[in-house]
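See structure below.
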Amino acid sequence: MNEFQEWEYQNKRRDFLRGSMLGLGSVALGSLFGCGNKHINPGIAQGMADEVNLPLINPHFTPKAKRVIYLFQSGGPSQMELFDYKPKLYEMHGMEIPESVIGKNRISGMVSNQYSFPLAMPATTFKQYGSNGAYLSDVIPHTASIVDDICIVRSMFTEQINHEPAVIFTQTGNQLSGRPCMGSWLSYGLGSMNENLPSFIVMLSKGGGDQPISNQAWSSGFLPSHHQGVQFMSSKDPVAFINNPKGVDRIDRRRALDFIEGFDKLQNEVWHDAEIESQIKQYEMAYKMQMAIPEISDLSNEPQHILDMYGEDVLTPGTFAHNCIMARRLAEKDVRFVQLYHLGWDHHGAIASGIRRATKHTDQASAALVKDLKQRGLLDDTLVIWGGEFGRTSFSQGKLTPDGFGRDHHPGAYSIWMAGGGTKAGLVHGTTDDFAHNIATDKVHVHDFQATMLHLMGIDHEKFIYKSQGRRYRLTDVSGKVVKELMA
């Protein structure tokens, strides 16, 4: 027997023994649980067999939202300057934050050497808006105009105090890289509603700031790689090589893809590698996008009053305004998950000017997106989310001066807002203490937020499970509850 025959014989022998053991094990396991028992938890049942790592055939219940647009404000927007009005901070400006307030809360290394923690009044002013009289800052007048259409959550909290783990935690449910993000989970579970466009698209706006962000935030992790976010570039052509090279026509491209697909299928028959199937799907999607993307990115047919609504930068590719109108156009084409990232909210110093610069870039377009979706009848089944990875401290980072003070990272309390997709319009949920430092009522953890988002999409977060390397995973890890008070 030559070496190849011996290798083949040993493999067949191992496969036979392995199959026998698994077969006997499954019989024993079936006797323990009872055949045909309808009361087995579907989540547990899914985790018991490798072959059950399949997309949902149907949502667990009727969804209120079909798609998500997530306007992620990277860097940590300050709740005191935007959504959480605290008169006490004006009264106690310059005084030390009480020890009873700061308690045992974590502080970052950037203020660990400070001996004084003076309270800093907001660098903005507030007024009441809407039917509920919600207080909003003067630097977000456009958001104030849609206050009756949004649900503000003032009681968010997280466990991470540094940017990258906090962003990764918000997007994937775990602070360590390598887990699938929200968009990938939804792409995997619910699939695409448009065969010619990716189900998960990511856009980063330019001009916001220098705070880096890792592409792990839109990674598919252990899910098949064709579920990762497809990043659109900040240029006239949002996708590289969208046009065929000179001398290559569409028929040539089709023939080449058919040849590659045939070769990949032969390889897959040998190796049974899921990544080969993902590559085939990615090649096909790239081919289809050559027809779909030019139409999506062409704003020439947009009425002038719509362009004006988004702001003066709307026609400049890569700006937040341009990305927002692109998000609306993608929602019209039934893209499942659109993620926008805007940097520039990390105001460790000069927060008075920094907060105005950040809101100038984002306020008008964020509000315009909600108005635009609403007037087109898309807001009812589109969930729009606005928020960052954590908040800011009520005390000053560094020396407190009239114009130069900043605020450090603060995971203990921050604000976000949501609109449409089954959320309760005009609601202000949760309260913080007099210093916006600790949550007083209705805490909402990151996993609670993720569970609620999945629920609005028709998914039970405890049953939405994927088994990898012997462990059952879910977006909300091992915690999280649906915040039903946020739902209409």
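The values are calculated or read from the model by the stated rules, or taken from the named source; none is laboratory data. Computed from a predicted model, the values in this text were never measured in an experiment. So basically every Cβ, Gly included, is an ideal-geometry build from the backbone, and we count neighbours across all protein chains shown.
The set of residues from segment 76-88 being in a loop (DSSP other than H, G, I, E, B) and either closer than 14 Å to Thr158 by Cβ or among the hydroxyl-bearing types (Ser, Thr, Tyr) (or both) comprises Gly76, Pro77, Ser78, Tyr85.
Mind counting the residues in segment 170-188 that are assigned to a loop (DSSP other than H, G, I, E, B) and either crowded, with 24+ Cβ neighbours inside 10 Å or touching a Cys at 6+ places or on another chain (Cβ under 6 Å) (or both)?
4
Residues in segment 89-111 that are in contact with a His (Cβ under 6 Å, 6 or more places away or on another chain) and assigned to a loop (DSSP other than H, G, I, E, B): Ser108 alone. Taken as a whole, the condition of being acidic (Asp, Glu) and over 26 Å from Leu456 (Cβ atoms) applies to Asp346. As for segment 154-170, it holds at least one residue that is in contact (Cβ under 8 Å) with a residue 60 or more places away in the chain, among the aromatic types (Phe, Trp, Tyr) and closer than 25 Å to Glu81 by Cα. Of all residues in segment 145-169, those satisfying the criterion of being assigned to a helix (DSSP H, G or I) and hydrophobic (A, V, I, L, M, F, W, C) are Val147, Ala166, Val167, Ile168, Phe169. On the stretch given as segment 112-144, residues that are crowded, with 18+ Cβ neighbours inside 10 Å, in contact with a strand residue (DSSP E or B) (Cβ under 8 Å, 6 or more places away or on another chain) and part of a loop (DSSP other than H, G, I, E, B) total 4.
Filtering segment 398-420 to residues that are more than 13 Å from Met80 (Cβ to Cβ) and assigned to a strand (DSSP E or B) leaves His409, Ile416, Trp417, Met418, Ala419. Whenever a residue of segment 472-487 is part of a loop (DSSP other than H, G, I, E, B), its partners that are of a type in the set (Val, Ile, Thr), lying with C-beta atoms within less than 8 angstrom and at least six residues away or across chains, give the pairs Arg474/Ile465; Leu475/Thr172; Val482/Thr452; Val483/Val444; Val483/Thr452. Residue check: Arg471 meets all listed conditions (1) in the same structural domain as Val68 (by TED's automatic domain parsing); (2) more than 18 Å from Leu89 (Cα to Cα); (3) in contact with a Gly (Cβ under 9 Å, 6 or more places away or on another chain) but one, namely (1). Pairs meeting the criteria (first residue in segment 404-424 and over 22 Å from Cys151 (Cβ atoms), second residue surrounded by fewer than 22 Cβ atoms within 10 Å (Cβ to Cβ), beta carbons under 6 Å, at least 6 apart or on different chains) are Gly404/Ala350; Gly406/His348; Gly406/Gly349; Asp408/Ser108; Asp408/Met110; Asp408/Val111; His409/Ser108; His409/Ile161. Based on what the data block shows, is Gly458 assigned by TED's automatic domain parsing to the domain that holds Leu119 and without any contact (Cβ under 8 Å) to a residue 60 or more places away in the chain? No; evaluated as a whole, the condition is false for this residue. With respect to being assigned to a loop (DSSP other than H, G, I, E, B) and within 15 Å of the chain's Cα centre (by Cα), Pro198 falls outside the description. Taking the criterion of being closer than 15 Å to Tyr70 by Cβ, charged (D, E, K, R) and crowded, with 24+ Cβ neighbours inside 10 Å, would at least one residue in segment 384-398 satisfy it? Checking segment 384-398: at least one residue is closer than 15 Å to Tyr70 by Cβ, charged (D, E, K, R) and crowded, with 24+ Cβ neighbours inside 10 Å.
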